[in-house]
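Only one structure is covered here, and it is reproduced in the block below.
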Amino acid sequence: MCELDILHDSLYQFCPELHLKRLNSLTLACHALLDCKTLTLTELGRNLPTKARTKHNIKRIDRLLGNRHLHKERLAVYRWHASFICSGNTMPIVLVDW
């Protein structure tokens, strides 16, 4: 998928503190989410595009979501994402849904 390649390359370039293995696992999880359209741990594991058994894929997603290093690195991803979205507009409109 072209979108996932762009996302992977952008995160690799602009978030160097994000470990490559975690980035690859995160990209696989995004690919699974695009295929399954359901955001649950088991559905992501079932739809991972790998040759491993479903049980192992679910465990892989579980380890990714519980990875403490990824939780520390997420701030860099948020920072990059915010600058990417807001760089073209100095006065973004923020909608708050109550």
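Since every read-out is calculated from the coordinates, none of them should be taken as a lab result. These numbers were taken from a predicted model, which means no experiment stands behind them. Glycine gets a Cβ as well: all are built from the backbone with ideal geometry, and neighbour counts include every protein chain shown.
Ordering S10, S83, S25 by the number of other Cβ atoms within 10 Å of each residue's own Cβ, fewest first, gives S83, S10, S25. Which label belongs to the value computed from this structure, given these candidates for mean projected area of the Cα convex hull in nm²: (i) 5.7; (ii) 7.9; (iii) 6.7? So the structure-derived entry is (ii). Cross-link partners for K21 among the aspartates and glutamates, with Cα-Cα distance under 16 Å and sequence neighbours closer than 8 places in the same chain left out: D5, D9, D62, E73. If you fit an axis through the alpha-carbon atoms of helix 68-86 and take the longest principal axis of the Cα set of the chain, what angle between them do you get, 0 to 90°, nearest 10? Between the helix axis and the principal axis of the chain, the angle is about 40 degrees.
Does anyone have the angle between helix 20-36 and the longest principal axis of the chain? Alpha-carbon axes, 0 to 90°, nearest 10? Helix 20-36 sits roughly 80 degrees off the main axis of the chain.
Counting only other residues whose beta carbon sits under 13 Å from that of T54, what net charge do I get with K and R as +1, D and E as -1?
+4
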